[in-house]
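Note sheet for the following structure.
Just so it is clear, none of the values below were taken in a lab; they were calculated from the coordinates. This is a predicted model, so every value here is computed, not measured. Glycine gets a Cβ as well: all are built from the backbone with ideal geometry, and neighbour counts include every protein chain shown.
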Amino acid sequence: MTTRVGVVVFPGSNCEHDVVEAVDAVGGSGELLWHKDKSLGGVDAVVLPGGFAHGDYLRTGAMARFSPIMDAVTQFAQDGGPVVGICNGFQILTEAQLLPGALYKNQGLKFLCQPSVLRVESTDSVLTRRLNVGDELNVPINHFEGNYVCSEEVLAVLRENDSIVFTYQDNPNGATADIAGIRNENGNVVGLMPHPERAAHPLLGSTDGALMLKGLIGID
Amino acid sequence: MSKEFDVVVEVSLRNGIADPEGLTIERALPALGFNGVSDVRVGKSLRFVVEASDEPEARSQVESMCERFLANPVIEDVEITLGPLT
């Protein structure tokens, strides 16, 4: 059975079609969900895509948590459903407190749109279950606020629970402990700044992102 | 009877969090001849009017707004200034 992946569209999202395209290309079935929907319509996994949800007003991701669909997303995540936040989606997941910490302005104060090399740190997540610890993935970043910040206590818990999923080989934004992506305790909720959907076809220069998406849709 | 209160919430980055925007501004100032400026920190302020029965209740409401929404305690501190609407 084809895995249905719901990609939530907030006002200001701009990567939703890329995610749908990439999910379809790896054998899943992507579909758009509107942020005012109250139900997820029975999808098997949810992606919060990149962009500028609600114009990034107040703080990145801060307004999105009030979108009606977020109650359903939170419930789905708590029930163990796979939820992935990419870039702005990661920011939304931290603001919605589905993941700890926060994303702040890049240390160099530059908007970064470039390739990045990630190291897989944990395979116990919906994105990395078909990968190995130590794998290097070439997946681009595209953000101004990707500097992961958390308290010492939270960092200790992340390390203890093996919840750091990806680190940057060459930390581009000042992120704490080189963190590019983290997961919740159960591994069903993952947030990452790099864009796997932009590394899902040979024409894009890398297909490493497709490996993550194959994990998401459960294809070995 | 409820009264109205003028509120200013100053949101600033927590101590210890690097402020790249403040640093960039600090580095730019000498170009205009302003030397000797240090510790530039950039924040934002929110101004609004809140209805409450008295000042402690108004303050408690605003504190709750800050905790739950207006600021992100992971990276930000708030300072609340509040007084009767003038």
For every other residue with a beta carbon closer than 11 angstrom to the beta carbon of B:G16, add +1 if it is Lys or Arg and -1 if Asp or Glu, then tell me the sum. -2
Checking the a/c ratio against 1.5 first, then a/b against b/c, what shape does the Cα gyration tensor give for the range B:3-84? prolate
Label-point separation in nm, A:L32 to A:Q97, each point 7 Å along Cα→Cβ: 3.2
Can you tell me the order of A:139-150, A:109-120, A:21-32, A:170-181 when each peptide is scored by its average per-residue count of other Cβ atoms within 10 angstrom, highest first? A:139-150, A:170-181, A:21-32, A:109-120
For chain B, the longest principal axis of the Cα atoms and the Cα long axis of helix B:55-65 enclose an angle in degrees, to the nearest 10, of 60
Taking the simple approach of a point 7 Å from Cα along Cα-to-Cβ for both B:R47 and A:Q107, what is their distance in nm? 3.7
For the range A:4-216: rounded, prolate or oblate by the Cα gyration tensor [a/c cutoff 1.5]: rounded
Can you say what percent of the DSSP beta bridges in the range A:1-65, counting only those with both residues inside, are antiparallel? Round to 5. 10
Given Cα pairs under 8 Å that are at least 6 residues apart, what percent is the relative contact order of chain A? 21
Where in the range A:1-100 are there chymotrypsin sites (Phe, Trp or Tyr not before Pro) that are in a DSSP coil and have at most 13 other Cβ atoms within 10 angstrom of their Cβ? A:Y57
Please report the relative contact order for the range B:3-84, taking Cα pairs under 8 Å with a sequence separation of at least 6, and give it as a percent rounded to a whole number. 52
Rounded to the nearest 5, what % of the DSSP beta bridges within the protein assembly as shown are antiparallel ones? 70
Provide the net charge surrounding B:F34, with neighbours chosen by a C-beta distance below 12 Å and charges set as Lys +1, Arg +1, Asp -1, Glu -1. 0
Which distance in Å, rounded to a whole number, links the C-alpha centroids of the range A:155-220 and the range A:14-31? 17
